[in-house]
Amino acid sequence: MDPHDHYVKLETRRQFFGRTAMGLGAVALGSLLNKEAIASGGTPIPQPGSDTTGLPGLPHFAPKAKRAIYLFMSGAPSQMDMFDYKPKMQGLFDKDLPDEVRMGQRLTTMTSGQKRFPVAPSIYQFKQHGQSGAHVSDLLPHMAGVVDEMCIIKSMYTEAINHDPAITYIQTGHQIPGRPSLGAWLSYGLGSMNEDLPSFVVLNSTWSARRDAQALYHRLWGSGFLPSEYAGAMLRSEGDPVLYLGDPKGVSRGSRRKMLDRLAELNQVHAAKVGDPETHARIAQYEMAFRMQASVPDLVDTSNESEKTLEMYGPDVKKPGTFAYNCLLARRLAERDVRAVQVFHRGWDQHFNLPRDLPLQCKDIDQPAAALIKDLKRRGMLDDTLVIWGGEFGRTIYCQGGLSKTNYGRDHHPRCFTIWMAGGGIKPGMVYGETDDFSYNITENPVHIHDLNATLLHLMGVDHERLTYRFQGRRFRLTDVHGHVVKDLLM
């Protein structure tokens, strides 16, 4: 519904019941709504501005993880060049992808007009690592050193074949924009463990490959139809991490406090008159902004980090906005008990010149991601911090564009891709699922993105079928009407 129309409808109801039977209609309506909330099942609707406490009855059971850090590679990493080792492809260079492998799969408009679909074997060397024996390519030497902390899932799949619906799907559970993101659901259901920072924080990283990358929209970490206070708060990579973090000259903390108190009184009057729940969200956000003026400068001041720690994250760790810097910041946010942190890294869309761009991307993220795992573990935080790494879909074994022994590109591939998780109740040192020789179809233990989100919520102590929100006449949830917890992955 259009916000203005929503506002007008709320005001009209309020005026109607206020003028009828001395407001008894409003009392009756409130009673009916309360009964509906109690009797309709699912998750009870929280009081506005209550994100520090979460919903009554949550978590549904003892959580394995208290917090989650999601490292999202926007653009779709090539699984067969990083984790999904396919040695038989070396003998099929420039051979056509067999029809019985493709099985009439839908193609993007970028390759649907190609006369051929020639196989492009990976040019990277793979070795087995750790006690798990996981195959990792030479693009990721640091991740290879921590495979025994990771659970690598090679059998992820989705229905979306283009970037925007695919990233919207895995972030919100639906290909069409408008639904709450994973972090917003966690913030809404479980609340905050730190009153001085948002319960959901987003960090957007710089990247080294070509500049034209897929756009990231605020709706990807937005609250959808949930109250807006549950949306992710993005910290900027340049300048002040939060706009207007400091008070203007001549404005003291005391005067700012008095101003916000008076503003809250005015907003409460407005809320009583109109009944718009977003007014309460606005009050909560003003209060959070006030507290962040003190907490954020301390968060981003990394001068107290040891040289050993900084070296572990790599040479870019002191450059604000880099993936290395953001991984360190993610650990500092986790230390402060921020519920959900999402770190985005763009530029993983290698349709052409993959051997030029993919190594640059891997260099950006390899050492910092491995360091994050090691840093959390040495601080005793990995056991209750869930780390997730992955993208929105995978890449095709067949080449897009020109093919040579040293150069190739890959199109979008939703039927199988690889992610990994670590900590927070996930079985370490595990490789789950399998694909065919072409990394094209799943042959063992398929995991849909709804299953992934159901499992992530489960590790946080949330039953994905019971965390719901009533909107437009029905109850919505992150996993829609799908998804099951992949219990094989749990400790």
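Within the span defined as the range 124-145, one or more residues are in a strand (DSSP E or B), surrounded by fewer than 18 Cβ atoms within 10 Å (Cβ to Cβ) and modelled with pLDDT of 95 or more. Total residues in the range 416-439 satisfying the condition of being crowded, with 24+ Cβ neighbours inside 10 Å and closer than 25 Å to residue 359 by Cα: the figure is 9. When the range 452-482 is filtered for residues that are surrounded by fewer than 22 Cβ atoms within 10 Å (Cβ to Cβ), within 22 Å of residue 64 (Cβ to Cβ) and free of Cβ contacts under 8 Å to residues at least 40 places away in the same chain, only 465 remains. Filter the range 225-239 down to the residues that are surrounded by fewer than 22 Cβ atoms within 10 Å (Cβ to Cβ) and within 12 Å of residue 178 (Cα to Cα) and list them by number. 225 - this is the single residue of the range 225-239 that is surrounded by fewer than 22 Cβ atoms within 10 Å (Cβ to Cβ) and within 12 Å of residue 178 (Cα to Cα). Please identify the pairs in which a residue from the range 364-385 that is in contact (Cβ under 8 Å) with a residue 40 or more places away in the chain has its Cβ atom under 7 Å from the Cβ atom of a residue that is of a type in the set (Phe, Trp, Tyr), counting only partners at least 6 apart or on another chain. So the pair list comes out as 364/207; 364/323; 365/323; 367/313; 368/313; 368/323; 369/389; 371/313. Do we find that residue 361 is over 28 Å from residue 406 (Cα atoms), outside any loop (DSSP other than H, G, I, E, B), among the polar types (S, T, N, Q) and in contact with a Ser or Thr (Cβ under 9 Å, 6 or more places away or on another chain) in this structure? In short, no. Of all residues in the range 52-67, none are part of a helix (DSSP H, G or I) and at pLDDT 95 or above.
Being over 19 Å from the mean Cα position of the chain (by Cα), of a type in the set (Phe, Trp, Tyr), buried (at least 22 other Cβ atoms within 10 Å of the Cβ) and in a strand (DSSP E or B): is that true of residue 408 here? So residue 408 fails the test. Looking only at residues in the range 184-216 that are within 30 Å of residue 362 (Cβ to Cβ) and hydroxyl-bearing (Ser, Thr, Tyr), the one that is surrounded by the most Cβ atoms within 10 Å (Cβ to Cβ) is 205. Remark: pairs (first residue in the range 300-323, at negative phi; second residue basic (Lys, Arg) and assigned to a helix (DSSP H, G or I); Cβ separation under 8 Å; 6+ apart in sequence or on different chains) = 302/332; 312/374.
Among the residues that make up the range 291-313, is at least one of them buried (at least 21 other Cβ atoms within 10 Å of the Cβ) and not in a helix (DSSP H, G or I)? Scanning the range 291-313, I find no residue that is buried (at least 21 other Cβ atoms within 10 Å of the Cβ) and not in a helix (DSSP H, G or I), so the answer is no.
From the list 293, 285, 342, the lone residue that is at pLDDT 95 or above and out of contact with any His (no Cβ under 6 Å at 6 or more places or on another chain) is 342. Scanning the range 240-251 for residues that are more than 18 Å from residue 295 (Cβ to Cβ) and surrounded by fewer than 11 Cβ atoms within 10 Å (Cβ to Cβ) gives 248, 249, 250.
Restricting attention to the range 217-231, the residues that are part of a loop (DSSP other than H, G, I, E, B) and under 28 Å from residue 364 (Cβ atoms) total 3. Across the range 77-95, the number of residues qualifying as farther than 24 Å from residue 360 by Cα, without any contact (Cβ under 8 Å) to a residue 40 or more places away in the chain and loosely packed, with under 13 Cβ neighbours inside 10 Å comes to 1.
The values are calculated or read from the model by the stated rules, or taken from the named source; none is laboratory data. Only a predicted model underlies this, so the values are computations on that prediction, with no experimental measurement involved. Because the Cβ atoms are built from the backbone with ideal geometry, glycine has one as well, and the counts that use them run over all protein chains shown.
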